[in-house]
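Report on the following structure.
Only the coordinates and a few stated rules stand behind these numbers; no lab work does. Just so you know, these numbers come straight off a predicted model, no measurement behind them. We place every Cβ from the backbone using ideal geometry, glycine too, and count neighbours over all the protein chains shown.
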Amino acid sequence: MSDFSKHKFGTKAIHAGADPDPSTGAIMTPIFQTSTYVQQSPGVNKGYGYARGKNPTREALQKNIAALENGKHCVCFSSGMGATDAVMRMLRPGDEVITGDDLYGGSYRMFTKIYENYGIKFHFINLTDVENIKKYINKNTKLIWAETPTNPTMQIIDIEACSKIAKANNLILAVDNTFASPYLQNPLALGADIVMHSVTKYLGGHSDVVMGALVMNDDKLHEQIYFILNSCGANPGPMDCFLVMRGIKTLHLRMERHCFNGKKIAEFLKTHPKIEKIYWPGFTDHPNHQIAKKQMRDFGGMISIVLKGASIEDTFKIASSFKVFSLAESLGGVESLINHPATMTHASIPKAEREKAGVVDNLLRLSVGVEDVEDLIEDLKQALA
Ligand SMILES: *Cc1c(COP(=O)(O)O)cnc(C)c1O
């Protein structure tokens, strides 16, 4: 296995984990579409027993994602929620978790509708003020779950500051790095213990796979997470692993363009008369801009806008009148998407909670793709008109 740990991001994206197949020289990692492996004698095998536990295509992808996060270990799951679920399964009844008040809707749903039933307590607090965290730590606290940038209001949480508090109190810090992707932000380097990705988004990048991943340095933590994967079975299939490896080969190119287009569109929308508010961490007047500058390489292509004086009907009308942007959940693919969080991605959060976090009925979220930015701006112009 060649070592690409000293290489730069784009080289790692293309080569890490992707050694030519030793049996044929095939440059692309084969899709090992198999459920089991033949043993020489009982218990004697080539390191592979049954494909829930291990699959060579998955292992190649895991090495690749670990390299992109400068991490030692990666475990892939059948979805981002599968990955999040594996972290929660490390907890016991009575344990407490401190997390943000602006979370991916599915994470909020899992925490409140599944894990609260198992006796785990969640504190949903404003993590942009890290001092706030200290007030909620007690002897039962085990985990801080942070998402940054947050979805959809693009708050930025200071990962390094969170990690100092986590370390001082012997807590695990897990960071949902989906919105940033490993190209823009590497939480392990900032002191996080676990990085979670919805691989479905920027890593896959082509809106054709649902997958999740956890990356960590600690061997014990990896052992625990792998045990959960193998015991509970949220493993991804080999075909999906192959597609994601193929997607990642252009991650650095796509991200450059997402960032370029994102900036142009954010600047266009900022002065548009129909926009009341815009959330994008690249603006110097964004409340957490300095932290974004410190911990991210660029500001990405995720932008949320609040439409001035628009009723929910007006908002629906605008959301439905795009020609290049598609109205859909999800993000991070090559094609531009528009989403109405209140009724789509964040519908599982009660209205009052949602509005407290700024997810109002006239908010739209844009996932800016890698099309030609002039066409995207024209599309926004006509839809807003
Ligand atoms: C999509 C998403 C998830 C969930 O991932 P799936 O792959 O859809 O299960 C978690 N966190 C964030 C920030 C997401 O955008």
Q. Remind me, relative contact order of the stretch 256-371 in percent, using alpha carbon pairs under 8 angstrom and six or more residues apart?
A. 29 percent
**Q.** For the chain, built as a Gaussian network whose Cα springs stay under 10 Å, the top-fluctuating residue of A146, A328, A16
**A.** A328
Q) Percent relative contact order of the stretch 9-248, based on C-alpha pairs within less than 8 angstrom and at least six residues apart? A) 25 percent
Q) Which order, highest average first, do 79-87, 248-256, 269-277 follow once you tally other Cβ atoms within 10 Å for each residue and take the mean per peptide? A) 79-87, 248-256, 269-277
Q. Which residue, chosen from F325, A352, Q295, occupies the Cα position most advanced towards the positive end of the dipole of the stretch 251-384, where the dipole is computed from +1 (Lys, Arg) and -1 (Asp, Glu) charges on Cβ about the Cα centre?
A. Q295
**Q.** Student exercise, the chain dipole from Lys, Arg, Asp, Glu Cβ charges, in Debye to nearest 20
**A.** 600 debye
(Q) What aspartates and glutamates does K8 reach when the alpha-carbon gap must be under 19 Å and sequence neighbours fewer than 8 apart in one chain are set aside? (A) D19, E69, E256, D298
Q | Partners for K139 among aspartates and glutamates (Cα-Cα distance below 13 Å; same-chain residues under 8 apart left out) | A | D95, E96
**Q.** Three-way shape call for the stretch 9-248 based on the alpha-carbon gyration tensor, with the a/c threshold at 1.5
**A.** prolate
Q. Order of I14, I120 from fewest to most other C-beta atoms within 10 Å?
A. I14, I120
Q) Going highest first, how would you order 308-321, 331-344, 365-378 by mean Cβ packing within 10 Å? A) 331-344, 365-378, 308-321
(Q) Going Cα to Cα from K134, which lysines come in below 23 Å? Please leave out same-chain ones fewer than 8 positions away. (A) K121, K142, K164, K167, K294, K356
Q | Max mean-square fluctuation residue, GNM over the chain, Cα-Cα springs under 10 Å, options P350, P22, P236 | A | P22
Q.
Suppose every Lys and Arg Cβ carries +1 and every Asp and Glu Cβ carries -1, with no other charges. What dipole size does the stretch 251-384 come out with about its Cα centre, to the nearest 20 debye?
A. 420 debye
Q. Counting Lys and Arg as +1 and Asp and Glu as -1, what is the net charge of the other residues whose Cβ lies under 10 Å from the Cβ of K323?
A. -3
Q | Residue among K139, K356, K63 with the largest mean-square fluctuation in a Gaussian network model of the chain, springs linking Cα atoms under 10 Å | A | K139
**Q.** Charge sum, other residues only, whose C-beta stays under 10 Å from D95's C-beta, Lys/Arg counted +1 and Asp/Glu -1
**A.** +2
Q: Please give the FRET efficiency for R92 paired with K164, using the beta carbon to beta carbon distance and R0 = 22 Å, rounded to the nearest 0.05.
A: 0.30
Q) Which angle from 0 to 90°, rounded to the nearest 10, does the C-alpha axis of helix 159-168 make with the longest principal axis of the chain? A) 60 degrees
